[in-house]
Amino acid sequence: MSSPEFLPMTAEDVRRLRDRLDAAGRKLVFTNGCFDLLHAGHVRYLNQARALGDAMVVAVNSDASVRALKGPARPVNNENDRAEVLAALRAVDAVVVFDDERATRLISAIRPHIYAKGGDYTVDSLNAEERAALDAAGASIHILPLVPGRSTTATLKRAATPEKSARLCLGVLGSGVGSNFQAILKAIQNGTLDAEVAIAISDQADSPFLETARAAGIHAQFVNPGANPRRLSDAAQKEIAEHLQRAGVDLVVLAGFMKILRAPVLDAFSDRVINVHPSLLPRHKGADAPQQALDAGDAESGCTVHLVNAEVDSGRTLAQARVPVLPGDTAETLHARIKEAEHKLLPGVLAEWQA
Ligand code: GAR
C-alpha cells in the first residue's frame, strides 16, 4: 500500500491555527523561503526561528516562484517534496506553499505574531511591501544570521564536481608572525580541521608567515603591495585574486593580513573571506586594537572572527572569544593573551565551515 500523499496546509488552515494560538495568548512564528535542498544551515536557522514563539509556519515558494527567483535550473526538488521534508522537522508545525515571489499576501492572510527572516538583511532592507504587511499585522520582525559555509549553491557545486575533494581548500593571507597560520596548520595536522592550505600569500617578502608556508611545503607567494605602504595597489589586488582562483580555494582566511582587500578579491570570493581581529568588534576596529582597549580602560578584551566586506572590520561576526585585561597589562601582554584565544577560535570556525 502506498503511503498517503502529503498535503500542505492552506492559508485559511494556518490563519485558524494563528487565531487559536492568539486566543491562548501564544505566538505564531512565520518564515518563508525556497528550501530547495535542506541542509544543516536551514535546520539551525529554523530551530532558532521556532524558539521565538510557540508554533511555526514555514511558507515555501512554489516551483513557479522558485524558477522566477533562481532561474530555470531550480528547484531541484518539487514543491510537494520540499513541503513534506520541512513538515517532518521538529521545529515546523505547519507548511504552506505560495506562488508569489514575495510572501506579502500570505502575511496579510495569516497575520503572524512574529516574522523571522534569515540572511544579511536589516529590518530596513526588507522588501517595502512585505514590511508594510508585517506592520499592518502587528508582527515583530527578527533577522536571524544564516550559518556561513552552508548553502544550497555550495551543496549543488559539490554534487556537480564529485572528483573534487570535499575537504575545505584554504588560501591564507598574512603579513607578519604567522602564529594564527601555524594554529591552522596544527589543527589540520591533529585532525580537528579537515582542510588543506592550497596557497599562502603575503605582502611582506621576508615574513615569518611565508617561511612557515615554505617549511610546511605549501605554495608561498609574495605579492608586491605597490608603492603606497598604506594601500594595496590595484595590480596587487588583481594578482591576489588570480592566485587564489588558480589555486581553487573555497575560503580565504586573513590571518594577520594588515592590508585592506577590495575588488576583485571580494567580488570573486563574496562571503568567502574571513578575518581574525584582536578585539571584541565592533569595539576597536583597525590597527593596534589591544592598545585601543588599554587606552579605553576596558576590563575585558578578546578576538573576533568575521566575514570581510568592503568596510574595515565591519563584516558579520561569526564567533568571538573573551579574555580579561589584567592589571599591569601592556599592549604586548594583552595581545599575547588575545592571540592564545585566536589560536582556538579561528581553527574552530574553519572546522564548522563546509567546502
Ligand atoms: C592577530 O592578532 C590578528 O588578530 C591581528 O594580527 C595578529 C596576527 O598575528 N590582525 C589584525 O589586527 C587585523 N586587523 P599572527 O601573525 O601571529 O597570526
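Computed from the coordinates by the stated procedures, all read-outs in this text should not be read as laboratory data. Computed from a predicted model, the values in this text were never measured in an experiment. Neighbour counts are summed over all protein chains in view; Cβ atoms, including those assigned to glycine, are modelled from backbone coordinates with ideal geometry.
Checking the table Lys27/Lys117; Lys117/Lys157; Lys259/Lys339; Lys186/Lys259; Lys157/Lys186; Lys27/Lys70 against a 22 Å threshold on Cα-Cα, which pairs fail?
Lys117/Lys157; Lys186/Lys259; Lys157/Lys186; Lys27/Lys70
Choose one answer from Ala195, Ala321, Ala23: the residue with the largest mean-square fluctuation in a GNM of the chain with alpha-carbon springs under 10 Å.
Ala23
Fully extended, how many nm does the chain gain between Thr330 and Asp206 (0.36 nm per residue separation, minus their Cα-Cα distance)?
Length gained, Thr330 through Asp206: 41.9 nm.
What nm value, rounded to one decimal, do you get for the distance between Glu5 and Asp54 when each label is placed 7 Å out toward the C-beta?
A separation of 3.4 nm, rounded to one decimal place.
Let me see the pair-distance distribution of the stretch 227-355: every alpha carbon pair, 5 Å bin width, integer percents in order.
With 5 Å bins starting at 0, P(r) equals 2, 11, 20, 20, 18, 14, 9, 4, 2, 0.
Given springs between every Cα pair under 10 Å in a Gaussian network model of the chain, which of Val58, Val265, Val76 has the largest fluctuation?
With Cα springs under 10 Å in the chain, the top fluctuation among Val58, Val265, Val76 is at Val76.
Tell me, which longest segment in the chain has none of the trypsin sites (Lys or Arg not before Pro) that fall in DSSP loops with at most 12 further Cβ atoms within 10 Å?
Longest stretch, sites excluded: 91-229.
What's the long-distance tail for the stretch 13-108, i.e. % of Cα pairs beyond 22 Å?
That tail contains 27 percent of the Cα-Cα pairs.
Please give every one of the aspartates and glutamates within straight-line cross-link reach of Lys285, meaning a C-alpha to C-alpha distance under 14 Å, and leave out same-chain neighbours fewer than 8 residues apart.
Lys285 reaches Asp295, Glu311, Asp313.
Compute the distance in nm between two label points, each set 7 Å from the Cα along the Cα-to-Cβ direction, one at Lys285 and one at Ala160.
It is 3.5 nm.
Principal axis extents for the stretch 167-285, Cα atoms only, whole Å, descending order, please.
Answer, in whole Å and largest first: 39, 35, 29 Å.
More than 32 angstrom separation, counting every C-alpha pair in the chain; what % is that?
Pairs farther apart than 32 Å: 43 percent.
Label-point separation (nm) for Ser140 and Ala216, each offset 7 Å from Cα along Cα-to-Cβ?
Simple spin-label model gives 4.5 nm for this pair.
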